[in-house]
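See below for the structure under consideration.
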């Protein structure tokens, strides 16, 4: 598979804007585990090999276990994820697949009861951010480093 255009080289100001958004989120109070679970799960749904590769490596560096990463596609079928993580993963899936059925009240309320409004806002923004990166990488056929 050949890579397509490199949007970041062609539109460096747009890249800098996306990167500033990502930098803001990285400096936010979101827990590293929450950030990486969001990034990996959305990337799995979107079929973004580049981002799955990057974020699974990042998660392992931050102490995530290989077992949890391997089972992330089946998070509902395992007890390896706590209530907060399950709420985040459910919201991540629904926001990522927003065109299918929107975001249900159940998924939103499950997260809203566990997190304060600011933390919930950051969760949503992280989901939006990784979906932006995924869509660029999939469209441009970005390849993982070999």
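Taken together, the values in this text are just the output of simple stated rules run on the coordinates, not laboratory data. Bear in mind the structure is a predicted one, so any value in this text is a computation, not a measurement. Counting neighbours? That spans all protein chains shown, and the Cβs are built from the backbone with ideal geometry, glycine included.
Scanning the range 29-46 for residues that are part of a loop (DSSP other than H, G, I, E, B) and surrounded by 16 or more Cβ atoms within 10 Å (Cβ to Cβ) yields a single hit, 30. Residues in the range 89-146 that are in contact (Cβ under 8 Å) with a residue 40 or more places away in the chain, part of a loop (DSSP other than H, G, I, E, B) and over 14 Å from the mean Cα position of the chain (by Cα) were compared, and the one that is surrounded by the fewest Cβ atoms within 10 Å (Cβ to Cβ) is 145.
Only one of these is within 26 Å of residue 145 (Cβ to Cβ) and out of contact with any helix residue (DSSP H, G or I) (no Cβ under 8 Å at 6 or more places or on another chain): 72, 37, 19. Name it. Let's see the steps before the verdict.
Details: 72 fails: out of contact with any helix residue (DSSP H, G or I) (no Cβ under 8 Å at 6 or more places or on another chain); 37 fails: out of contact with any helix residue (DSSP H, G or I) (no Cβ under 8 Å at 6 or more places or on another chain).
After applying the criteria, what remains is 19.
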